[in-house]
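Have a look at the structure below before the remarks.
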Amino acid sequence: MLIIISSPSTIVEEARIINTLFEEGLEVLHLRKPGIVIDELVTLLEKINSQYLHRIALHQHHAIADDFGIKRLHFTEVMRKESTEEKLCQLVNEKKVLSTSIHLTEEYLNLSSCFSYTFYGPVFDSISKQGYTSTIPNDFVFPVQSSHPKPIAIGGIDATNMQRALDMEFYGVAALGTIWQKPGESIQQFKTLQKAWKQTGR
């Protein structure tokens, strides 16, 4: 699975770029906008073609998901710890696809099986966050458990290190900085990532 995470800040013509990413074959976009007010998020979602909304995972304002037919909900670490197992399972029963984020492998073993996948990182030095460096060893292998959420590598992902992440037993990768560092090149950067992803054979 190749996932793109939105820029945390507003991008000029962001909805147009997102629509084009989907047109080019993007499977899942995580819409992560810390601090965004609900009206701004609604305005952005209204500009995204309705045929693509089921491919979006919301990080904020889960309450509007049903208004847009959005089935993917992401839980930050704080949100996860504030949620009960009963609530998570209820959402799964409502056909929602849940995801979350962790930074320690020890947290993985305690994750609810209601989560479909979890981000883990930074696997490599972050592109979007200066000073956010990886601390995992070169011979790192993620301790995957078949009954647990699928691990997705995040942090510093680009076309040159995607295969290395998969060799660490990650199920997929998520890219942010390589796509949004230069918004004018976002589409071309995605095409480069997509080509590299297809070459992995996943």
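Some notes on this structure:
- Taken together, the residues in region 33-66 that are β-branched (Val, Ile, Thr), without any contact (Cβ under 8 Å) to a residue 24 or more places away in the chain and within 15 Å of ILE5 (Cα to Cα) amount to 0.
- Selection within region 86-99 - touching a Phe, Trp or Tyr at 6+ places or on another chain (Cβ under 8 Å), hydrophobic (A, V, I, L, M, F, W, C) and not in a helix (DSSP H, G or I): LEU98
- Every residue from region 1-32 that is touching a residue at least 40 places away in the same chain (Cβ under 8 Å) and among the β-branched types (Val, Ile, Thr): ILE3, ILE4, ILE5, ILE11, VAL12, ILE17, THR20, VAL28
- Of all positions in region 179-187, at least one carries a residue that is surrounded by 22 or more Cβ atoms within 10 Å (Cβ to Cβ) and of a type in the set (S, T, N, Q).
- Residue list for region 117-170, filter: touching a Pro at 6+ places or on another chain (Cβ under 6 Å) and in a strand (DSSP E or B): TYR117, THR118, TYR120
- Test: residue in region 100-115 that is of a type in the set (Ser, Thr, Tyr), part of a loop (DSSP other than H, G, I, E, B), under 22 Å from ILE4 (Cβ atoms) and out of contact with any Leu (no Cβ under 6 Å at 6 or more places or on another chain): no
- Scanning region 86-129 for residues that are among the small types (Gly, Ala, Ser) and at pLDDT below 90, we see that the one that is farthest from HIS62 (Cα to Cα) is SER126.
- Residues within region 86-108 that are within 28 Å of PHE140 (Cβ to Cβ) and either β-branched (Val, Ile, Thr) or surrounded by fewer than 15 Cβ atoms within 10 Å (Cβ to Cβ) (or both), tallied: 7
- Filtered by the rule that a residue be within 18 Å of TRP180 (Cβ to Cβ) and in contact with a helix residue (DSSP H, G or I) (Cβ under 7 Å, 6 or more places away or on another chain), region 27-40 gives GLU27, VAL28, LEU29, LYS33.
- Filtering region 130-163 to residues that are of a type in the set (A, V, I, L, M, F, W, C) and modelled with pLDDT of 90 or more leaves PHE140, VAL141, PHE142, VAL144, ILE152, ALA153, ILE154, ILE157, ALA159, MET162.
- Matching entry among THR160, THR178, THR118, THR133 (being within 14 Å of the chain's Cα centre (by Cα) and more than 25 Å from LEU88 (Cβ to Cβ)): THR178
- Condition check for GLU106: free of Cβ contacts under 8 Å to residues at least 60 places away in the same chain, of a type in the set (D, E, K, R) and farther than 30 Å from ARG164 by Cβ: no
The values are calculated or read from the model by the stated rules, or taken from the named source; none is laboratory data. Computed from a predicted model, the values in this text were never measured in an experiment. Quick reminder, even Gly has a Cβ in these numbers, built from the backbone with ideal geometry, and neighbours come from all protein chains shown.
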